[in-house]
Structures are given as C-alpha cells and as structure tokens.
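What follows is one structure encoded as structure tokens, with my remarks underneath.
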Amino acid sequence: MARIGVEETMTDVKEALAEMGHDVVDLQSEDDTAYCDCCVISGQDKDVMGMSTASIAGSVINADGYNAEEVCDMVNDKLNQQ
C-alpha cells in the first residue's frame, strides 16, 4: 500500500490508515515527508512543522472538520487519482 504521513496528534486517523494496510509515518519534521505518497495534516497550523514551502510531491489533505473515516476516504480517493 501507500506511505502516508500523518501529524502526530491524529491517532485515530493513523490507526484507521494502518488497519487499511498503509505504511503510516509520524510527521514531526519536514524530513518526514520524504517518500510519502500523501500527507494528512490537522489544519490547525497552516505552517505545519515550520514548513513554508511545499516539500512533498504527493497530495496534502487537510483533515480539519472531518472524522477518521472521512479522512481515510479522502486519502484513498487521492491515491486512486495518482
């Protein structure tokens, strides 16, 4: 499956994506986005991890206002589009 970077605080999303078979990594710094097919951010901090420029080739999903199931659906939709 895909390698998905997820902000540390989003435990429910990380668990749900791992159950789907994705390789889930914690996003603690800009380096953690390397080789990720998709990243999920909480949306609470627009400049997540101090990044002011996009450093990921894959999709970035803002999970603000969505539950874990909805976020997983968005991740799978993005992955299917790539």
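Bear in mind that the values in this text are calculations on the coordinates, not laboratory data. Every value quoted in this text rests on a predicted model; they were computed, and no experiment measured them. Counting neighbours? That spans all protein chains shown, and the Cβs are built from the backbone with ideal geometry, glycine included.
Worth pointing out:
- A Cβ-based charge dipole, computed about the Cα centre of the stretch 1-40 with Lys and Arg at +1 and Asp and Glu at -1, lands at about 140 debye.
- Environment charge at residue 36 (Cβ cut-off 14 Å; Lys +1, Arg +1, Asp -1, Glu -1): -4
- Order by protection proxy (mean Cβ within 10 Å, highest first), peptides 36-42, 18-24, 73-79: 36-42, 73-79, 18-24
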